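The values are calculated or read from the model by the stated rules, or taken from the named source; none is laboratory data. Keep in mind it's a predicted model, so treat the numbers as computed, not measured. Please note: Cβ atoms are built from the backbone with ideal geometry, for glycine as well, and neighbour counts cover all protein chains shown. Side chains are part of the model used for accessible areas, which takes the heavy atoms of the whole protein and leaves out ligands, DNA and RNA. Shrake-Rupley method; radii C 1.70, N 1.55, O 1.52, S 1.80 Å.
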Amino acid sequence: MRPRATPYVLVGPATLLLLAFGVLPILVAGAVSLTDLDAAGLGDVSRVRGVGLANYAELFGDAAFWQAMRNTAFYVAVGVPSVVVVSLVIALLLNRSQSRFFRFLRSLYFLPAITGIVAIALVWGYLYNTQFGLVNYLLSLVGLGPVPWLSSPGLVKVSVALVAIWRGTGLNTVIFLAALQGVPKEYLEAAALDGASRLRTTWSVVLPLLRFAILFVTVTTVIAWLQFFDEAFVLTKGGPLGASTSISLFLFQQGFAGARFGYASAGSVVLFVVIAVITVLQLRGRRSDVEY
């Protein structure tokens, strides 16, 4: 094999997989979004008609679509800062010691990330239960009345977001812990010799060195929350009155429950464009690395 061909041979399989499972579905969704494909069209292609941009025009005039967009914006605005900050603080605290107890805590915080969403829904469904839930029981001990955590349109988004924050913290904590292991000890020792406190060392030395890890976690977390689906689906099915419906859940309801594949594909293309634009803006906003 020629030396110049070696890089292409090595990256070729990964590139083919990326094209097959990353780029091709986007192209297919774009093509389907220009048709009226439904359940009948899946069985008989001759019944599929091209409708141009009619799906997009209907989508942008659909009040349920905009409600799902607002709900998703709320999830991103609340969930992303919460997950990033909580994960970073937990990682900094866990990194203070290498004892068995702290290693046990690291495993404990990671458990929600590997727990099945159905089991999570059962537990949190009980905790949020209006009549028999543990949360309302604890509130009753201090004289507060029952709270409709999952049945109040004004409160359900917060309840669902809390579950997702709790579930998403563990994985990001592990990423931050891995990044903390790469902080040169010489910098920490130099800061200690200069008399810097732990808080000052964390702020002026550790956090700047974690800048790339913070960017990576932020970008991936924003993408995950823009595609928010699991918790809203298993806890509320998007209710009540669509108050907890995310854009991904809206597309699922239109595409699979309503069998409107062309309409759902138009929504998925819009979601893809939103995610791509926000991701590019985040990456372009990254400051250049500084040598310490």
Once amide hydrogens are built 1.01 Å from N within the peptide plane, the residues lying 5 or more places from Asp36 or on another chain with amide H under 5 Å from its amide H are Arg49, Val51
Arrange the peptides 91-101, 68-78 so that the one whose residues have, on average, the most other Cβ atoms within 10 Å appears first.
68-78, 91-101
Farthest positive-ward along the chain dipole, Cα basis, beta-carbon charges - from Ala259, Leu188, Ala31:
Leu188
Could you work out [θ]222 nm for the chain from helices alone, using -39500 (n - 2.57) per DSSP H run of at least four and dividing by all its residues? Round to the nearest 500 deg cm²/dmol.
-21000 deg cm²/dmol
Result row for the chain, helices from DSSP H with C-alpha axial extent 30 Å or more and mean Kyte hydropathy at least 1.6, is 63-94, 261-284
Region 71-134, Kirkwood Rh and Cα Rg, ratio Rg/Rh at 1.08
For the chain, what relative contact order do you get, as a whole percent, if you take Cα pairs closer than 8 Å and at least 6 residues apart?
29
Taking every Cα atom in region 171-276, find the radius of gyration and the maximum pairwise distance Dmax, and write them in Å.
21.4, 67
Global form of region 24-153, assessed from the alpha-carbon gyration tensor, a/c cut-off 1.5:
prolate
Where labels lie 7 Å past Cα in the beta-carbon direction, separation of Ala63 and Phe102 in nm
5.5
Hey, quick one: spin label on Asp38, modelled 7 Å out along Cα-Cβ, who in region 218-262 has an amide N within reach, i.e. under 20 Å?
250-262
For Cα extents along the principal axes in Å, several values are listed as (i) 85, 54, 33; (ii) 66, 46, 36; (iii) 76, 76, 31; flag the one computed from this structure.
(iii)
Would you please classify the overall shape of region 115-178 from the alpha carbon gyration tensor, given that a ≥ b ≥ c denote the square roots of the eigenvalues, rounded means a/c under 1.5, and beyond that prolate means a/b larger than b/c while oblate covers the rest?
prolate
Gyration tensor on Cα atoms of region 1-97, a ≥ b ≥ c root eigenvalues, a/c under 1.5 rounded, else prolate if a/b beats b/c, else oblate, says oblate
Connecting every pair of Cα atoms under 10 Å apart in the chain and solving the GNM, the largest mean-square fluctuation among Ser268, Ser107, Ser33 falls on Ser107
Would you mind putting 118-129, 218-229 in packing order, based on average other-beta-carbon counts within 10 Å, highest first?
218-229, 118-129
Per residue, how much accessible area does the chain show when a 1.4 Å probe rolls over the protein heavy atoms, in square angstrom?
59
